[in-house]
Amino acid sequence: MSIFKMLYGEFDMDKEYLVSDKAFKISSLAVQAMVYEVSCYPSPGLVSCISNGAHKDMDYYTFIDSTSVLIKYLTLCVQKGMETGRPEDIFMELKKLGVSAEKEMYEKTKGVNTHKGMIFLMGTCCGAVGIAVKHNMNFWEIEQIIKNMTKGITERELSPILRNKNFIKNGKLFGRKLSYGEKLFLKYNVKGVRGQVEQGLNLIFDFALGFYKKSKNLNENDRLVNTLIGIMQFSEDTNIIHRHSLDILKEVNAKAKHIIHLGGMRTDEGRKAIQLLDKEFIYRNISPGGTADLLAITVFLYLVKQYMSD
């Protein structure tokens with residue numbers, strides 16, 4: 001295994017990191033997947049290379065800027081997974097990397113949240129893939145690795161919020177501002193991204209990967225859009241709930257199911273429906289950002305499966 005020394009002055013006081021060639025390769029697939037996601041169009045309500053979607057504070061180049069600073073952290077997440085340690089301990093180290101990545105993201109985007117959810121999901125997946133590669137495991141074992149890494153996360157991080165809800169004042173618990181995810185858990189009992197990883201991202205492993213594979217006869221743009229709508233049928237998208245409500249999310253899920261029934265990007269009728277949905281989401285300020293994150297993770301894991309097969 002070839003080893004490279006990487007010098008990240010801003011990350012940890014000129015500390016040197018030993019990073020394997022495999023970590024570079026795997027993290028490059030993560031970046032590829034993130035760029036794919038933000039580049040496809042029409043992606044209803046989302047930022048793309050054509051439209052800002054239902055966003056006024058960010059555009060395509062904001063996402064490119066953000067992605068560029070995350071490259072090193074995703075590489076370090078893979079490398080962390082390839083180190084010796086229990087999955088749950090590796091996950092805690094990944095969370096520390098995520099805090100640093102989030103800070104640098106905000107510095108690069110001047111305070112705009114482009115990738116907060118993605119940092120958590122992609123960082124976790126990069127670490128899990130690192131574990132699988134290190135131990136020569138089968139691709140499909142990554143789902144269980146993610147479960148092992150994140151076991152008990154909702155109990156640890158969300159249940160205390162519920163138990164101490166009487167002490168919440170002005171959106172703060174003991175002086176700390178609650179995150180959007182914590183607020184949604186209190187209001188709707190929605191576990192959000194924590195619940196998704198604790199279940200091993202089963203929506204991706206059980207559905208999205210197969211759906212993306214079946215769409216391979218489409219060109220890449222149409223394949224991505226088709227898979228986005230496919231995931232949207234079932235996604236518990238907290239971005240939509242936060243901006244609107246649980247009822248609006250259910251409406252979005254139903255609209256996506258209808259479009260897939262029409263044929264999605266495979267038919268003229270489906271394409272027209274997606275274009276109209278994009279206009280509707282922009283008008284109603286609906287942005288399925290959580291679904292977009294799951295699309296990127298789907299593409300990443302699909303590329304990882306090919307890499308591990310090779």
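The values are calculated or read from the model by the stated rules, or taken from the named source; none is laboratory data. It should be emphasised that the depicted structure is a prediction, and the values quoted were computed from it without experimental measurement. Neighbour counts run over all protein chains shown; Cβ positions are idealised from the backbone, glycine included. Each accessible area value is taken on the protein alone, full model and side chains, heavy atoms only, with ligands, DNA and RNA left out. Shrake-Rupley method; radii C 1.70, N 1.55, O 1.52, S 1.80 Å.
Condition check: within 13 Å of the chain's Cα centre (by Cα) and modelled with pLDDT of 95 or more. Does residue 97 satisfy that? Considered against the rule, which asks whether it is within 13 Å of the chain's Cα centre (by Cα) and modelled with pLDDT of 95 or more, residue 97 comes out as no.
Do we find a residue being open to solvent by 20 Å² or more (accessible area, probe 1.4 Å), at pLDDT below 95 and more than 20 Å from residue 88 (Cβ to Cβ) anywhere in segment 125-138? Looking through segment 125-138, none of the residues is open to solvent by 20 Å² or more (accessible area, probe 1.4 Å), at pLDDT below 95 and more than 20 Å from residue 88 (Cβ to Cβ).
Test residue 282 against the criterion of being surrounded by fewer than 24 Cβ atoms within 10 Å (Cβ to Cβ) and either touching a residue at least 24 places away in the same chain (Cβ under 8 Å) or under 11 Å from the mean Cα position of the chain (by Cα) (or both), and give yes or no. Yes. None of 141, 157, 182 is of a type in the set (Asp, Glu) and over 21 Å from residue 290 (Cβ atoms) except 141.
Here's the yes/no breakdown for (1) open to solvent by 20 Å² or more (accessible area, probe 1.4 Å); (2) free of Cβ contacts under 8 Å to residues at least 12 places away in the same chain; (3) part of a helix (DSSP H, G or I):
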| site | (1), (2), (3) |
| --- | --- |
| 249 | no, no, yes |
| 254 | yes, yes, yes |
| 265 | no, no, yes |
| 270 | no, yes, yes |
| 275 | yes, no, yes |
| 292 | no, no, yes |
| 298 | no, no, yes |
| 304 | no, no, yes |
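Residues considered: 98, 123. Of these, the only one that is without any contact (Cβ under 8 Å) to a residue 40 or more places away in the chain and under 17 Å from residue 300 (Cβ atoms) is 98. Residue 286 passes every criterion in (1) touching an Asp or Glu at 6+ places or on another chain (Cβ under 8 Å); (2) among the aliphatic types (A, V, I, L, M); (3) assigned to a helix (DSSP H, G or I) apart from (3). Restricting attention to segment 197-237, the residues that are open to solvent by 40 Å² or more (accessible area, probe 1.4 Å) and in contact (Cβ under 8 Å) with a residue 60 or more places away in the chain total 4.
Any residue in segment 160-169 that is in a helix (DSSP H, G or I) and either within 18 Å of residue 89 (Cα to Cα) or of a type in the set (Lys, Arg) (or both)? Give the steps one after another, and end with the answer.
As a first pass, look at segment 160-169 and keep what is in a helix (DSSP H, G or I): 160-163, 165-167.
From what's left, either within 18 Å of residue 89 (Cα to Cα) or of a type in the set (Lys, Arg) (or both): 163, 165.
Yes, segment 160-169 contains a residue that is in a helix (DSSP H, G or I) and either within 18 Å of residue 89 (Cα to Cα) or of a type in the set (Lys, Arg) (or both).
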